[in-house]
Amino acid sequence: MNIASNECSCTKCHAGYGWTDDSFNFSDPGSVDCLICHADPALYSKRNNRCGYPDKDVDLAAAARSVDLPGRSNCGACHWYGGGGNNVKHGDMGNALASPEPALDVHMGGLDFACQECHVTDRHRISGSSTTSSVSEGVVACTDCHDPRPHDAASPLLDQLNDHCDAVACQTCHIPQFAKADATVTLWDWSKSGDQDKLLSKTENREAYLSREKGLLVKEKNVRPFYDWYNGKHHRYLKGDPVKPDTVTCMNPPDGDIHDPAARITPYKTIYGVQPADALYKYLIVPMLFGDGYFRHFNWLRSAEQGMTAAGLKFSGDIRFVGTCMRWRVNHEVAPAKDALSCLDCHRPDGAMDFTALGYKGDPAATGGRFAAPHAEADFSGGHRAFSAGKNFMGP
Ligand code: HEC
Ligand code: HEC
Ligand code: HEC
Ligand code: HEC
Ligand code: HEC
Ligand code: HEC
Ligand code: HEC
C-alpha cells in the first residue's frame, strides 16, 4: 500500500498541512504542523480526509495556549495508530503507553519517560532508526544509558548474561512478549475483502475477523517475538521491485547472520500479508483506497488502475494476490528485570529460541557459541568461560 493517490487521508500523519496531491512542497516550513507535537492532544487533533489540516471543531487559540514540550500522547497521535488502528502495526506501540503500569513498560511506566528521553532530539532531529523507512537522524540504543555489560559481574551466573550481550540484543531478553495490553495485527489478507464484516473466532489472545474494507485480519495479544540476526541494516522492498508469485516475499528482511560479528539476535514482530500484485509485471500493486477508491467501490481492478496511474507504474489489468511478510523490530514494552528471559527459558528443548534456524548446530550451551572453539562444554555452574573471538571483532 502506498501514499500516492491516498494523500488526503494518509497525510493526517504523513505530515504537514495541505498535502493533497503530488505537488506538495516538502521544503516549506510553513506547512509543518507544530501543534500536533506541541499542543495538548486533548485540544488538538486530526481526522481522515482533511489533507493534513486539523479537525474543523478545533479551538486553535486554546490549542496554541496549551503549547508545551511533546508528551507521549503527542507522538502517539501518529505512532500508536499506524496501519489503521491502535497498536495495529508495531505491536509494541499503542495508546496503553499514555499511562502504563511498569509491568507494561518500565521506562514509560514507573520512570515516566517521554519518548524523546530515549529519542534524543536536537534541533528537531528526532533520533532513532526505523525498521522500514530509510530516513534516520541517528540511532537509539539501550546502551545510550545502560552499561554494555549491565549485569552484576561479581555474580558468576549474572556475568554469563554479560557475555551473551555480544550475540543477543538487550531487547531479546528484556521484551519476552509484546502487545501485552492490546492486540496487534499479525495476518492481513486483502484478498478476502469485499464481503460483510464478520467475527470468525475469538479467544483471550487471538481474534480473527473479516472486514469488508480490509479483508481477513488476525489480531494477537501477548505475542512471543520471532528472532533473527540483525546488524543495523534492513533490506527494503521498493515500489516496482519484483515479487515471487509462488512464495512469500519478505518486504524488509534484516541483514546479518551468525557469522557477522556486528549482528545480534534481535526480536521481531512478523506480519503476514496477502496483497494484490500485477500478474504480468510481477510487482505489487499500489491501489487507491480512500476517496473514490476501493473503500467506496470494492473493485480491485478499478482501484489498481486509479492507484497505479498516481504511482506512475504500468498496470497490465491482470491482478493476482501474493503472500508478503513484514518484520518490525520490537524496542518498547521493556518488562521489569525479574520478567526477563533467563537461562532455562532458552537453554531447554522447545525453548524460546530455535537455535538451529539461527545457524547453530544445536543448543550453544552444549555445542558452543558462534565464535567459541569447536567443543565448548555446557557450564551452568557459572564459571568464567573462555574469551570468545566475538569480542575482538566488536571492539570496545
Ligand atoms: C495514524 C497515523 C497514520 C496514518 C493515518 C497513516 N500512516 Fe503511514 N505511517 C505512520 C507512521 C507513524 C509511520 C512511521 C513508521 C511507524 O511508526 O510505523 C508510517 C509509515 C508508513 C510507511 C512506511 C512503511 C511502514 O509500513 O512503516 C508506509 C508505506 C505508509 N506509512 C503508508 C501509509 C498509507 C498509504 C496511508 C494511507 C492509506 C498511511 N500510511 C496513513 C502513521 C500513519
Ligand atoms: C514531530 C514532532 C515535532 C514537531 C512537528 C515540532 N516539534 Fe518542536 N520539538 C519536538 C521535540 C521532540 C523537541 C525536543 C523536546 C525536548 O528536548 O524534550 C522540540 C523542541 C522544540 C522547542 C524547544 C527548543 C528546541 O529547539 O529544542 C521549540 C521552541 C519548538 N520545538 C518549536 C517548534 C515549532 C515552532 C514547530 C513547527 C515549525 C515544531 N516545534 C514542530 C518535536 C516536534
Ligand atoms: C504528525 C504525525 C507524527 C507525529 C506527531 C510524530 N511522528 Fe514520528 N514519524 C511520523 C512518520 C509519518 C514517520 C515516517 C517518516 C518517513 O518514513 O518519512 C515518523 C518517523 C519517526 C521515527 C523513525 C525514524 C525516522 O526518522 O523515520 C521516529 C523514531 C519517530 N518518528 C519518533 C517520533 C517522536 C519521538 C515523536 C514525538 C516527539 C513523533 N515521532 C511524532 C509521524 C509522526
Ligand atoms: C526506553 C527508551 C525508549 C523510549 C521511552 C521510547 N523508545 Fe522508541 N525506540 C527505542 C529504541 C532503542 C528504538 C530502536 C531505534 C534504533 O535502532 O535506532 C526505538 C525505535 C522507535 C521507532 C522505530 C520503530 C521501527 O522499528 O520502525 C519509533 C517510531 C519509535 N521508537 C517511537 C517511539 C515513541 C512514539 C515513543 C513514545 C511513545 C518511544 N519511541 C519511546 C527506545 C525507546
Ligand atoms: C541473555 C539474556 C539477557 C541479555 C542479553 C540481557 N539481559 Fe539484562 N537481565 C537479564 C536477566 C535474566 C536479568 C535479571 C537478573 C537478576 O535475576 O537479577 C537482567 C537484569 C537487567 C537489569 C537490572 C539489573 C540489576 O542489577 O537490577 C538491567 C538494567 C538490564 N538487565 C539491562 C540490560 C541491557 C541494557 C542489556 C543489553 C546490553 C541486557 N540487559 C542484556 C537477561 C539479559
Ligand atoms: C534514556 C536512557 C535509557 C535508555 C535509552 C534505556 N534505559 Fe533502561 N533504564 C533507564 C533508567 C534510568 C532505569 C532505572 C535505573 C536502573 O535500573 O538502571 C532503567 C531501567 C531498566 C531496567 C530495569 C527495570 C527494573 O525492573 O528495575 C531494564 C531491564 C532496562 N532498563 C532495560 C532497557 C532496555 C532493554 C533498553 C533498550 C530497549 C533500555 N533499558 C533503554 C534508562 C534508559
Ligand atoms: C535469550 C536466550 C538465552 C538466554 C536467556 C540465555 N542464553 Fe545462553 N546462549 C544463548 C545463545 C544465542 C548463545 C550463543 C551465543 C554465541 O553465539 O556467542 C548462548 C550461549 C551460551 C553458552 C555457551 C557459551 C560459549 O561461548 O560457548 C553457555 C554456557 C550459556 N549460553 C549459558 C547460559 C546461562 C548460564 C544463562 C543464564 C544466566 C543463559 N545462557 C541465558 C541464548 C540464551
| query | Under a GNM of the chain (C-alpha, springs under 10 Å), which listed residue has the highest mean-square fluctuation: 276, 54, 287? | reply | 54
| task | Can you find, among 217, 165, 139, the residue farthest towards the positive end of the dipole of region 136-222? Put +1 on the C-beta of Lys and Arg, -1 on that of Asp and Glu. | result | 217
| message | Going Cα to Cα from residue 180, which aspartates and glutamates come in below 17 Å? Please leave out same-chain ones fewer than 8 positions away. | response | 92, 101, 105, 204, 207, 220, 333, 339
| query | Can you list the lysines whose alpha carbon is less than 16 Å from that of residue 12, not counting same-chain residues fewer than 8 positions off? | reply | 46, 56
| task | With a point put 7 Å past each Cα toward its Cβ, work out how far residue 224 is from residue 314 in nm, to one decimal. | result | 4.7
| remark: Projected onto their principal axes, the Cα atoms of the chain stretch, largest extent first, over whole-Å spans of 67, 55, 42
| request: Tell me what the chain gives for mean residue ellipticity at 222 nm when only DSSP H runs of n ≥ 4 count, each as -39,500 (n - 2.57), the sum divided by the residue total, rounded to 500 deg cm²/dmol. | output: -4000 deg cm²/dmol
| task | Would you list, by chain and number, the lysines whose Cα falls below 19 Å from the Cα of residue 233, excluding same-chain residues fewer than 8 positions away? | result | 269
| note | Within region 244-315, DSSP-loop chymotrypsin sites (Phe, Trp or Tyr not before Pro) with at most 14 other C-beta atoms within 10 Å are 298
| message | Distance between the C-alpha centers of region 39-101 and region 118-195? Whole Å please. | response | 23
| said: With a cut-off of 8 Å between alpha carbons and a minimum separation of six or more residues, what is the relative contact order of region 137-260 in percent? | reply: 18
| Charge dipole magnitude, Cβ of K and R +1, D and E -1 - the chain, Cα centre, debye nearest 20 | 880
| Which distance in nm do the two modelled labels at residue 354 and residue 191 give, with both placed 7 Å along the Cα-to-Cβ direction? | 2.2
| request: Using label points projected 7 Å from each Cα along Cα→Cβ, tell me how many nm separate residue 241 and residue 137, to one decimal. | output: 2.6
| Quick one: 285, 265, fewest Cβ neighbours within 10 Å first, how do they rank? | 265, 285
| Quick one: if the Förster radius is 35 Å, what FRET efficiency do residue 361 and residue 205 give, using the C-beta to C-beta distance and rounding to 0.05? | 0.55
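None of the figures in this text is laboratory data; all of them are computed from the coordinates on show. Nothing here was measured: the structure is a model prediction, and the numbers come from that model. Every residue, glycine as well, gets a Cβ built from its backbone with ideal geometry; the counts of neighbours run over all protein chains shown.
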